[in-house]
Amino acid sequence: MNQRPFNDNSYEQFLKEEKIMGSKCQKCGALAVPPRPICVSCFGSQLEWLEFQGGGKLAAFTSIVVAPPPMAKQGFGKNNPYVVGVVELNEGAKIVARITGVEAKKPEGIKVGTALKAEFIHSGEGPDQKTFLAFKPR
Ligand SMILES: [Zn+2]
């Protein structure tokens, strides 16, 4: 699996396999999920894959009422908001993902620092199949 390039395609392929894979810089140790071909910290290009275990905590979030077209198609919008958050993974990297299992209509009840675990949402079929990463309270 070290042969896969450090890009979004590889990342999405790993998600289909229910793996969260990011890049780790061999020089400075900086992490990135999704992976980047160049280290975001020292601009080095000596990278290795790191599998994240999917545990983390909520660092920030927002309740979205104006849904972009793909989400609107799934029925989200003004009367059915959804939550997107920044999740700080236990390994130290931060990732932006949908937060499920919380009351999007009552964002005041959602707490920063909530322990979360990853969930893989598969949608579509055949070549259109996509897997989205989401997080829900443990
Ligand atoms: Zn680096």
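The values are calculated or read from the model by the stated rules, or taken from the named source; none is laboratory data. On a predicted model such as this, the values are computed, not experimentally measured, just so you know. Backbone-built Cβ (ideal geometry, glycine too); neighbour counts: all protein chains shown. Accessible surface is based on the protein model in full, side chains and every heavy atom, while ligands, DNA and RNA are left aside. Shrake-Rupley method; radii C 1.70, N 1.55, O 1.52, S 1.80 Å.
Of note:
- Residue list for region 69-97, filter: at positive phi and in a loop (DSSP other than H, G, I, E, B): G75, G92
- In region 37-73, the residues that are free of Cβ contacts under 8 Å to residues at least 12 places away in the same chain and more than 15 Å from V96 (Cβ to Cβ): I38, F43, S45, P69, P70, A72, K73
- Matching residues, region 51-78, being under 19 Å from L31 (Cα atoms) and open to solvent by 60 Å² or more (accessible area, probe 1.4 Å): E51, Q53, K57
- Of residues in region 85-123 being within 11 Å of A134 (Cα to Cα) and more than 10 Å from the chain's Cα centre (by Cα), the one least open to solvent (accessible area, probe 1.4 Å): L116
- Residue-level check: of (1) charged (D, E, K, R); (2) touching a residue at least 40 places away in the same chain (Cβ under 8 Å); (3) not in a loop (DSSP other than H, G, I, E, B), R4 misses just (3).
- Any hit, region 7-30, residues being open to solvent by 80 Å² or more (accessible area, probe 1.4 Å), modelled with pLDDT of 95 or more and either within 16 Å of the ligand (Cβ to nearest atom) or hydroxyl-bearing (S, T, Y) (or both): yes
- Selection within region 37-59 - within 15 Å of G92 (Cβ to Cβ) and either more than 16 Å from the ligand (Cβ to nearest atom) or not in a strand (DSSP E or B) (or both): C39, V40, S41, E51, F52, Q53, G54, G55, G56, K57, A59
- Candidates E18, E48, E108, E103: the one that is touching a helix residue (DSSP H, G or I) at 6+ places or on another chain (Cβ under 7 Å) and among the charged types (D, E, K, R) is E103.
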